[in-house]
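The values are calculated or read from the model by the stated rules, or taken from the named source; none is laboratory data. Source: prediction; values computed, not measured. Cβ: placed from backbone, ideal geometry, glycine included. Neighbour counts: every protein chain shown. Protein only, heavy atoms only, side chains kept; ligands, DNA and RNA dropped before computing areas. Shrake-Rupley method; radii C 1.70, N 1.55, O 1.52, S 1.80 Å.
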Amino acid sequence: MGVAEFKFDAWFYWAAAQTIFEPRPEVEFFWGFRGVLGNYAYLPAAGLARLLGPGFDGFAVLFQNAMFFSWFAAFLLPRCIAIWRPVTLQGRLLGAFLTWIVLAGFAPYPLVDAYPAIIIFAIMVLLQTKGILAIVLAGLLGGIAVNVRPSYLVIVGGFLLVTLIWRRWRGLGFAIGIILGLVPQLVMNVVRLGEWILWPPLSSSLVSLQSGYGAYIVRYDTLFDADSPQQFYCSPEMANALTAPLPETAGELAFAFLAHLPSSLFFALEKVGASLHWPLSTPYTTSNVGVDGLFALAITLITVCGISSLLFTVFRKRLDERWRHSSWLAAALAGVVVIAGTLTIVASASESRFALPLVLTGVLGCASLGNAKFRDFWQKHRYWIASTALIVVVVWFFGVSGLQHPAPAGPVDQEICASL
């Protein structure tokens, strides 16, 4: 895949990274919504593009992303696999291939979604050691992930809880690391706004927006080549059931879900299924009839089969003395990623890219099967394979069901969705 045109959020992230070299007043408002570390995530590419000259922006971004994604596939992912199973050449190759399938679409764009998703796997590896410095470093990376993408607060908070349980007093090092990772945002807020807060100053408005939309929107897409790039997929049933005012906080959204059971349960399942129903052009949306359906099926297969594989490994070795204490820690951390990642999708007007933690966990699980002898595996575990296939079908079904009510391109509200 070659270099790409930068639009929408990608353009703002790229322009923000360039402010270190020259003032860009047109992105001034962006600092209130996005973490400072996310806005400087593409500083290396911006420096390279400035060194190479005009016309090399796309190349510089593609180069930075390719290097980072390759490091994940070649180094970090095998370290994660080793926690679960012995690493083999087949596992390495399968992991690299699946990483390419999942992340190739993100490589040409200066979007930050893949960065915190990969960071959480680095945290999982660091927390395998009892050393206090490694735990503090893991917390530092957690703070960076939250600053880049505040939605990762749920995952990082879960990691903190697990670390306190497993590492006891050393878990405080993880908390200290989180705070250290948020210090750059504090400094930015104090210098620019005189506010002593650890998060972007306009974060509450984003939470309010996501909570309101999250009560009746199944998925949101950005149409790359459309005059009106906003594409919402609605749940008419939830839009009709909700009464004013719409939720403005995560607590109010949770209450709305509880008040509208069982409809909200099916709505949540549609959100999760639709978040895995990736078009080939993810992270943006352009129509590729036929191919989009196959790619969505591939992403669903990778995610469900991989997570099922990790769960199977935990149950299979639950009584095995060789199943190390640190491996149970890894199982708990992976469980946090899956549960917290799912809750994040359900609690927002999610885009396909919001599912990256789940999909990359699926890549890990699938790659950990790289040393399996499939003929024997089928004979010994055919019931698990059949149940996993059934779950794939169910998730696929809810994904298709959740995308049956697209709103007209452009902004939407509760009334528009209720009329579909």
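Assorted remarks:
- Qualifying residue in region 256-264 (condition: touching a residue at least 60 places away in the same chain (Cβ under 8 Å) and open to solvent by 40 Å² or more (accessible area, probe 1.4 Å)): no
- Residues in region 265-285 that are of a type in the set (Gly, Ala, Ser) and assigned to a helix (DSSP H, G or I): ALA268, GLY273, ALA274, SER275.
- Count of region 405-414 residues, restricted to those that are over 11 Å from ILE217 (Cα atoms) and either without any contact (Cβ under 8 Å) to a residue 12 or more places away in the chain or buried (at least 19 other Cβ atoms within 10 Å of the Cβ) (or both), is 1.
- Some residue of region 185-201 being more than 25 Å from the chain's Cα centre (by Cα), closer than 30 Å to TYR284 by Cβ, open to solvent by less than 20 Å² (accessible area, probe 1.4 Å) and not small (Gly, Ala, Ser): no
- For region 156-166, the candidate set comprises residues that are among the hydrophobic types (A, V, I, L, M, F, W, C) and within 30 Å of LEU202 (Cβ to Cβ); within that set, the residue that is surrounded by the most Cβ atoms within 10 Å (Cβ to Cβ) is PHE159.
- Residue list for region 1-30, restricted to those being modelled with pLDDT of 85 or more, part of a helix (DSSP H, G or I) and of a type outside the set (Asp, Glu): PHE8, ALA10, TRP11, PHE12, TYR13, TRP14, ALA15, ALA16, ALA17, GLN18
- Which listed residue, of ARG34, ARG79, is in a helix (DSSP H, G or I) and either farther than 18 Å from TYR284 by Cβ or charged (D, E, K, R) (or both): ARG79
- Considering region 89-155, the qualifying helices (runs of 4 or more DSSP H), each wholly inside and each with 2 or more residues that are among the small types (Gly, Ala, Ser), surrounded by 20 or more Cβ atoms within 10 Å (Cβ to Cβ) and in contact with a Phe, Trp or Tyr (Cβ under 7 Å, 6 or more places away or on another chain), run over 132-148.
- Enumeration of residues in region 34-58 that are more than 16 Å from ASP113 (Cα to Cα), surrounded by 20 or more Cβ atoms within 10 Å (Cβ to Cβ) and not aliphatic (A, V, I, L, M): ASP57
- Search result, residues across region 379-420 that are more than 22 Å from ALA268 (Cβ to Cβ) and either hydroxyl-bearing (Ser, Thr, Tyr) or part of a helix (DSSP H, G or I) (or both): GLN379, LYS380, HIS381, ARG382, TYR383, TRP384, ILE385, ALA386, ALA389, GLU415, SER419
- In region 16-33, the residue that is surrounded by the fewest Cβ atoms within 10 Å (Cβ to Cβ) out of those that are within 27 Å of the chain's Cα centre (by Cα) and in contact (Cβ under 8 Å) with a residue 24 or more places away in the chain is GLY32.
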